Amino acid sequence: MSSSLAQPASSIAERLAAVKARIAEAATAAGRDPGAVALTVVSKTQPSEAIDQAMAVGQRVFGENRVQEAERRWTVERARPAGVELRLIGALQSNKAADAVALFDVIETLDRDSLARALAEAVQKAGRTPRLLVQVNTGAEPQKAGVLPRDLDAFLKSARGTYGLTVEGLMAIPPVDEAAGLHFGLLSKLAARNGLNVLSMGMSGDFETAIRFGATHVRVGSAIFGERNPVSATSEG
Ligand SMILES: *Cc1c(COP(=O)(O)O)cnc(C)c1O
């Protein structure tokens, strides 16, 4: 591809390739194995054709922020293709826990005791266990979901001990008006302290910084698909 990395390439396939190249470059620059950073393509709000274009060039890992929208897209609009990994990256209501357990391979937004209980019950009934990440509210923002850093160790203990859940990592969305690196560094420290290896952090605007701080999964939407409709783009709710 000859297009400059600073300018968005013209097609989804080209933008996807450019993002992958930037991921590899950032990993290499940080002395990390590029294969240790997975790209979750955030398909929320995207039309079916856009997702098909990403899949046509081999993308298989997708992030969705709403259970019902994801169900429609991945069970109604298309039979779920073999090898696709679906990751829930938006807030999950406890009454949708069973639906989420049935659909997703990974739920990145475990953030409270009542949800841990609902997920444990759903897992029991479904006989299917999505991998789980705990969302951490690293900036302690009142409007944002996530366990507060100071409550994390106790929350993890309770998720494991009380509910028998296996948590494989942490996820965070830094405050928009602060240096993201501070928050990525904090998340990385919290994960290491708890023996967790998976770090989902970094979006279109800051995934290279996240990789420098140890991200194993970056979640990228607009750098690949273009800007979303702002009304439906929220990650909460
Ligand atoms: C929408 C969303 C993303 C993708 O954001 P972009 O800036 O479009 O890359 C990543 N993570 C979460 C949790 C999101 O809701």
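Not counting ligands, DNA or RNA, and with a 1.4 Å probe, what is residue 20's accessible surface area in Å² rounded to the nearest 10?
90
What's the percent breakdown of Cα-Cα distances in the chain across 5 Å bins, shortest bin first?
Final binned percentages: 1, 7, 15, 18, 20, 17, 13, 7, 2, 1, 0.
Ignoring ligands, DNA and RNA, what percent of the accessible area of the range 131-237 is carbon or sulfur (1.4 Å)? Mind dumping the intermediate values first?
Details: 2590 of 4780 Å².
Heavy-atom surface of the range 131-237 belonging to carbon and sulfur, 1.4 Å probe: 54 percent.
Could you compute how much accessible surface residue 72 exposes when probed at 1.4 Å, giving the result in Å² to the nearest 10?
Taking all protein chains as shown, residue 72 has close to 110 Å².
Taking only C-alpha pairs under 8 Å that are 6+ residues apart, what is the relative contact order of the range 139-237 in percent?
This gives 21 percent for the range 139-237.
Could you put 69, 108, 77 in order of accessible surface area, largest first, with the 1.4 Å probe and the full protein assembly present?
On the way: 69 30, 108 0, 77 85 Å².
Ranking 69, 108, 77 by accessible area, largest first, yields 77, 69, 108.
What do you reckon, how do 12, 51 stack up by accessible area (1.4 Å probe), largest on top?
Numbers: 12 25, 51 0 Å².
Largest to smallest exposure gives the sequence 12, 51.
Taking only Cα atoms of the range 1-119, what ratio of Rg to Rh do you get with Rh as the Kirkwood inverse-distance radius? Walk me through the numbers on the way to the answer.
Details: Rg = 16.3 Å, Rh = 15.8 Å.
So for the range 1-119, dividing Rg by the Kirkwood Rh gives 1.03.
If you bin the C-alpha pair distances of the range 123-181 every 5 Å from 0, what whole percents do you get?
Spelled out per bin, shortest first, that is 4, 17, 23, 22, 14, 11, 6, 2, 1.
What number comes out for the charge environment of residue 169, summing +1 per Lys or Arg and -1 per Asp or Glu over other residues with Cβ under 10 Å away?
Within the 10 Å Cβ shell, the charges total -1.
Amide H to amide H, which residues 5 or more places from residue 109 or on other chains are under 5 Å from it, using H placed in the peptide plane?
133
In whole Hz, what ³J(HN,Hα) sequence does the range 98-104 give by Karplus (6.51, -1.76, 1.60; θ = phi - 60°), x for Gly and Pro?
So the J values, rounded to whole Hz, are 5, 4, 5, 5, 5, 9, 8.
Averaged per residue, what accessible surface does the chain expose to a 1.4 Å probe, in Å²? Intermediate results must be reported in sequence, preceding the final value.
Numbers: 10750 Å² over 237 residues.
Per residue, the chain has 45 Å² of solvent-accessible surface.
Using just the helices of the chain, give the 222 nm mean residue ellipticity in deg cm²/dmol: DSSP H runs with n ≥ 4 each add -39,500 (n - 2.57), and the total is spread over all residues, rounded to 500. Kindly include the intermediate steps, with their values, before the conclusion.
Working: 9 runs with 87 residues, N = 237.
Theoretical 222 nm ellipticity from helices: -10500 deg cm²/dmol.
Counting only other residues whose beta carbon sits under 15 Å from that of residue 33, what net charge do I get with K and R as +1, D and E as -1?
Details: positive: 20, 32, 212; negative: 25.
Summing Lys and Arg as +1 and Asp and Glu as -1 gives +2.
Bins of 5 Å, beginning at zero and ending with the bin holding the largest distance: percent of Cα pairs per bin for the range 109-237, please.
Over the range 109-237, the share of Cα pairs per 5 Å bin runs 2, 10, 20, 22, 19, 14, 9, 4, 0 percent.
Could you list which residues have their amide H under 5 Å from that of residue 42, counting only those 5 or more apart in sequence or on another chain, with H placed in the peptide plane?
So residue 42 has HN proximity to 63, 220, 221.
For the ranges 152-158, 83-89, what's the packing order if you count other beta-carbon atoms within 10 Å of each residue, average per peptide, and put the highest first?
Packing order, densest peptide first, comes out as 83-89, 152-158.
The values are calculated or read from the model by the stated rules, or taken from the named source; none is laboratory data. Keep in mind that what you see is a predicted model, and the values were worked out from it rather than measured. Backbone-built Cβ (ideal geometry, glycine too); neighbour counts: all protein chains shown. Side chains are part of the model used for accessible areas, which takes the heavy atoms of the whole protein and leaves out ligands, DNA and RNA. Shrake-Rupley method; radii C 1.70, N 1.55, O 1.52, S 1.80 Å.
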